[in-house]
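Structure first, commentary second.
Just so it is clear, none of the values below were taken in a lab; they were calculated from the coordinates. In this text, all values refer to a predicted model and were calculated from it rather than measured experimentally. Reconstructed Cβ throughout: ideal geometry from the backbone, glycine too, with neighbour counts over all protein chains shown.
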Amino acid sequence: MSPAPSKTAAHRALRARLEDELSVLESMVAAARDEATSAESRPENKYDTRAIEASYLAAGQGERLATLRQMVGWAQGLQGEPHTRAQVGALVHVATEAGDRWVVLAPSGGPTIDVDAIEVATVSTRSPLGRALTGASVDDAVEVHGPRGSYEAEVLNVR
């Protein structure tokens, strides 16, 4: 069984990482938007698709930016309240045949962060693992139905 990371440190590290990603993505979206509207992107002939491709890229990055802004807002509101059941904001220790791992349940998936030298994954409650864990308590065994098949996971700790 791996040592327990601090829930406060996990939330702090997740917030910092999401804020860094947001800053980078905002710059990328601005560059993609500039490219899509640039005079150099105007088609030279009917087969030139640079402007269309640039606008698709800008639109996709804009959607990712909106999702990331929501995640940052959610992470900024984390208070570190204790949880007895796995739910959004909880830090959960899970054991499977492949080993044990720590996850933070979140509204959408996110980065894996390093907390107190322990890897902590950000798992969406809409993912197979997140759906299976939601509502579970310590010592509960849950069945995870994923794209690679089903497996059992045991909840070792909920913070």
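Which residue, chosen from HIS145, PRO111, TYR56, occupies the Cα position most advanced towards the positive end of the dipole of the chain, where the dipole is computed from +1 (Lys, Arg) and -1 (Asp, Glu) charges on Cβ about the Cα centre?
TYR56
So if I place +1 on the C-beta of Lys and Arg and -1 on the C-beta of Asp and Glu, and nothing else carries charge, what would the dipole magnitude of the stretch 91-158 be about its Cα centre? I want it in debye, nearest 20.
380
Per residue of the stretch 121-137, in order, report the coupling 6.51 cos²θ - 1.76 cosθ + 1.60 (Karplus, θ = phi - 60°) as ³J(HN,Hα) in whole Hz, putting x for Gly and Pro.
8, 9, 10, 6, 6, 8, 6, x, 5, x, 4, 5, 6, 4, x, 6, 10
Can you tell me the orientation of helix 7-37 relative to the chain, as the angle in degrees between its alpha-carbon axis and the longest Cα principal axis, to the nearest 10?
Tilt of helix 7-37: around 10 degrees.
In whole Hz, with x marking every Gly and Pro, tabulate ³J(HN,Hα) for the stretch 143-159 from phi via Karplus 6.51 cos²θ - 1.76 cosθ + 1.60, θ = phi - 60°.
Residue by residue, the stretch 143-159 yields 9, 9, 10, x, x, 9, x, 9, 8, 9, 10, 10, 7, 8, 7, 10, 10 Hz.
What list of ³J(HN,Hα) couplings, whole Hz, do you get for the stretch 83-93 from phi and the Karplus terms 6.51, -1.76, 1.60, once you set θ to phi - 60° and write x for glycine and proline?
10, 9, 10, 5, 7, 3, x, 6, 9, 10, 9
Dipole magnitude of the chain about its Cα centre, charges +1 at Lys/Arg Cβ and -1 at Asp/Glu Cβ only, in debye to the nearest 20?
Magnitude of the dipole: close to 360 debye.
Size of the stretch 7-76 along its principal axes in angstrom, Cα-based, largest extent first?
Rounded to whole Å, the extents work out to 57, 14, 13 Å.
Using only the alpha-carbon atoms, how far is helix 50-76 inclined from the longest principal axis of the chain? Give it as 0 to 90 degrees, nearest 10.
30
Using modelled amide H (1.01 Å from N, peptide plane; none on Pro or chain starts), what sits under 5 Å from the amide H of THR122, excluding residues fewer than 5 places away?
So THR122 has HN proximity to VAL104, GLY110, THR112, ILE113.
Rank these for me by crowding, TYR151, TYR47, going from fewest to most other beta carbons within 10 Å.
With the sparsest Cβ surroundings first, the list reads TYR47, TYR151.
Evaluate the Kirkwood expression for the hydrodynamic radius of the chain, namely the inverse of the mean inverse distance over all pairs of different C-alpha atoms, and round to one decimal in Å.
Computed over Cα pairs of the chain, the Kirkwood hydrodynamic radius comes out at 17.5 Å.
By how many nm would the segment from ARG85 to GLU19 lengthen if fully extended, with 0.36 nm per residue of separation less the alpha-carbon distance?
Here the segment from ARG85 to GLU19 would lengthen by 21.0 nm.
Helix-only mean residue ellipticity at 222 nm, the chain, DSSP H runs n ≥ 4 weighted -39,500 (n - 2.57), per residue, nearest 500. What is it?
That comes out to -14000 deg cm²/dmol.
Starting from the coordinates of the alpha-carbon atoms of the stretch 91-158, obtain the Kirkwood hydrodynamic radius over all distinct pairs and give the value in Å to one decimal.
Final number for the Kirkwood radius of the stretch 91-158 is 11.9 Å.
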